[in-house]
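Here is the structure we will look at, set down as structure tokens.
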């Protein structure tokens, strides 16, 4: 159900900073007025007049604009306080109002500006306080006591507010820098994940297409040979690769990775093996059921197997690859091996594909081991089920 317009307008007004600042001004004005009543005994000329409470209200009112007009608000609060002191009203609780004003001012302007403005206001307030004491009190202050008053007021109204605001803003900037670094790290990780996905999709498909194209070209030279099967495999692999790549590019445009990036699981392994078989590489597989394996783990297993058999197609002269996926206790074991030998100087540490497999396995808390020898290449991965 849609909210009525008047309710939306009311909610927007209540969210305005003026509402909170008006409530604060009213509360501080009331507290100051009430606290001034007992403070009047033996303080100043000892009398309470209507002007006492009028000047307290006048000093509290500018706090309504303490965020939108910080300089004007602070000067107005201090000016009302000076008038209060000039007319000899009780000293004490009234300083609550300018204290709140100067602290708020320090948090709403630059540090340099706060130093200058608050220093001027502090000197003026001290002079107003001294004049008030000299006029209304029968006891004069000694030079040491006057100095102590001046230092105390300067610390309270200038040093403490500015230093507190500086510390707070410094901590705020540190939090923002940490958050920005986390966002940059997240974006960098997304780029790595995308690069790995594109490598897996494109690399495997191109390897299958290349092998089928080579076989098809070889059969074209033989009378009676029909390359149709390999051409169909090229078509199917290309179509699947384009679909996966289109979904990955859609993520780059729309940013919703969970819905856009192609997800492959262990259930897709038979289709993968069919593509590899069509390219001329025989697959001997043993895959355990995966009912209680988490989605991210089953996708990781699929990508490990995909990259491994793709590497066999690209780098090995093997005619057979053995794939075994076994689920034992709390982990999934993946073993892929071929009969070699290699077409090039392949090692267990070279290539983006192996690096991508290692990153995938590390991401789910598993371990990956690769071994290259004259007899072939072996990949062993252990990942948790959940």
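Highest first, please rank the peptides 268-274, 117-123 by the mean number of other Cβ atoms sitting within 10 Å of their residues.
117-123, 268-274
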Extension gain from residue 123 to residue 26, taking 0.36 nm per residue of separation minus the Cα-Cα distance = 32.2 nm
Mind giving me the nanometre distance, one decimal, between the label points for residue 173 and residue 335, set 7 Å out from Cα along Cα→Cβ?
-> 5.9 nm
Just subtract the alpha-carbon distance of residue 277 and residue 195 from 0.36 nm times their residue separation and send over the number in nm, one decimal.
-> 26.9 nm
Distance in nm between label sites at residue 296 and residue 231, each 7 Å beyond Cα in the beta-carbon direction?
-> 4.6 nm
Take each of the peptides 177-186, 66-75, average the number of other beta-carbon atoms within 10 Å over its residues, and list them starting from the highest.
-> 66-75, 177-186
How much length is gained on full extension from residue 130 to residue 51, taking 0.36 nm per residue of separation minus their Cα-Cα distance?
-> 26.4 nm
So the FRET efficiency between residue 267 and residue 183, C-beta based with R0 = 25 Å and rounded to 0.05, is 0.10
Within the range 279-386, percent of DSSP bridges classed antiparallel, to nearest 5 | 80 percent
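FYI, it's all coordinate maths here, none of it is from the lab. Source: prediction; values computed, not measured. Reconstructed Cβ throughout: ideal geometry from the backbone, glycine too, with neighbour counts over all protein chains shown.
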